[in-house]
């Protein structure tokens, strides 16, 4: 049995609680949060505290708070030589206070309050200062995911950067698409099957193989039409940047 | 029964043939292509020609050739007053020769040779010069899709522009993600669950609601870390453009 204490109760930790609670190899001993949270069913038996001095014993303490608060929060913990991990993609392991054994438990996924997430396929990126802790984190990860990988902080930073491109920036492209349609009173729903297929394609094709469109073909006529339609819209600079880059990338291969 | 003749046999028309063939309300009379194509099973009974003078009768002629060839090709057709449509998102209906009755049959999806596509949810955007032809195109569309919509050329041009953003440009972001990982010897597979969830999220959330990330939060520290990691990489200008835009968008709402 692995005893877990959650420190902070934002999106990541609440999704982790949801998925860890009820697995038979894990006990969630306690949830700490700076602000009071009422533990509701099915978590009403999990102890809650907003007082650091009342933290209970755990095999693993999982910090899930904003990136820039992790370091000082880990300093403020009233114990030492315990395994303390954080769940952030963009923060190095050594940001954690060295008075405890440090580690990382980073589920590479985008979490929203309102969406249930299936952890089975989510990569859990782990790291620890010593092999025994790494093994414990691996066992914790494997109770919920089939994809637990050890990734050191420097590589994880790049992984997090790549995640920003394929998640945050992609979502912004969806937003641009949605706004272009709104201006024409067309429903965003029209684009959803295309968005879904664009994402599904790279399950079996590399992004290079999956690439299509006027920029790749260097279809000057269509590109000019699009620039004309865009006029001086704020999306024009996105169109120009992507088109220039795609023309160059694929132009080389012609 | 609706009799269809395919003019050109690229990605769109071959996927259309695949899905229309075998529905009991449609007969595919003939496939024309400039270069010889051997019709293989289960299409071996469909007549093929590479000679425009040997075109057979059809209720609808569907042109599926490169955008910039549509106009002159439609001029070269050896008949008049037939219903001739094209399947392109970016070309206006009046690019077709006026000697025939003109229309549009544009399935809004990305097609690759190697991937089977389920048309059921794909929006089929139709347009025609007269109501009878529009009705015929609607009936054709409804044999394969539950989402047939009449959209005039000007709106379709904007829809196609939006499609370029959410499909072509999104795929390029996938490619950037893949390259960043490659530099670290990390497998692209790590990003696939995130890519899938990013696309799935907007089935139930608007792109505005689904947005997350350091730029939205104006998390200067993470943004600076990322810019440092990017150095003078070619992806830096993408990072800067998206980040600036997202900061402005969400900054306003703070």
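Output the residues belonging to the range A:56-71 that are under 12 Å from residue A:31 (Cα atoms) and out of contact with any strand residue (DSSP E or B) (no Cβ under 6 Å at 6 or more places or on another chain). Hits for the range A:56-71 are A:57, A:64. Against the numbered list (1) at pLDDT below 95; (2) surrounded by fewer than 20 Cβ atoms within 10 Å (Cβ to Cβ); (3) facing chain A (nearest Cβ under 7 Å), residue B:209 comes up short only at (3).
Here the range A:175-190 is the region considered, the condition is being at the interface with chain B (Cβ under 8 Å from one of its Cβ atoms) and touching a residue at least 24 places away in the same chain (Cβ under 8 Å), and the residue that is nearest to residue A:235 (Cα to Cα) is A:176.
Of all residues assigned to the range B:193-212, at least one qualifies as being more than 24 Å from the chain's Cα centre (by Cα) and either assigned to a loop (DSSP other than H, G, I, E, B) or over 28 Å from residue A:68 (Cα atoms) (or both).
Of everything listed in (1) more than 7 Å from chain B (Cβ to nearest Cβ); (2) within 25 Å of residue A:118 (Cβ to Cβ); (3) part of a helix (DSSP H, G or I), the single unmet condition for residue A:146 is (3).
From the list A:120, A:179, the one residue that fits, being under 25 Å from residue B:165 (Cβ atoms) and out of contact with any helix residue (DSSP H, G or I) (no Cβ under 8 Å at 6 or more places or on another chain), is A:179. Residue A:94 passes every criterion in (1) surrounded by fewer than 16 Cβ atoms within 10 Å (Cβ to Cβ); (2) part of a loop (DSSP other than H, G, I, E, B); (3) touching a residue at least 12 places away in the same chain (Cβ under 8 Å) apart from (2). Quick one: is residue B:169 in contact (Cβ under 8 Å) with a residue 24 or more places away in the chain and facing chain A (nearest Cβ under 7 Å)? When the stated conditions are applied, residue B:169 does not pass them. If you check A:97, A:72 for being within 14 Å of chain B (Cβ to nearest Cβ), over 17 Å from the mean Cα position of the chain (by Cα) and at pLDDT 95 or above, only one passes: A:72. Restricting attention to the range A:42-69 and to residues that are loosely packed, with under 15 Cβ neighbours inside 10 Å and in a loop (DSSP other than H, G, I, E, B), the residue that is farthest from the other protein chains (Cβ to nearest Cβ) turns out to be A:57.
The values are calculated or read from the model by the stated rules, or taken from the named source; none is laboratory data. This one's a predicted model, so the numbers in the text were calculated from it and none came from an experiment. Positions of Cβ are generated from backbone atoms using ideal geometry, with glycine treated the same way; all protein chains shown enter the neighbour counts.
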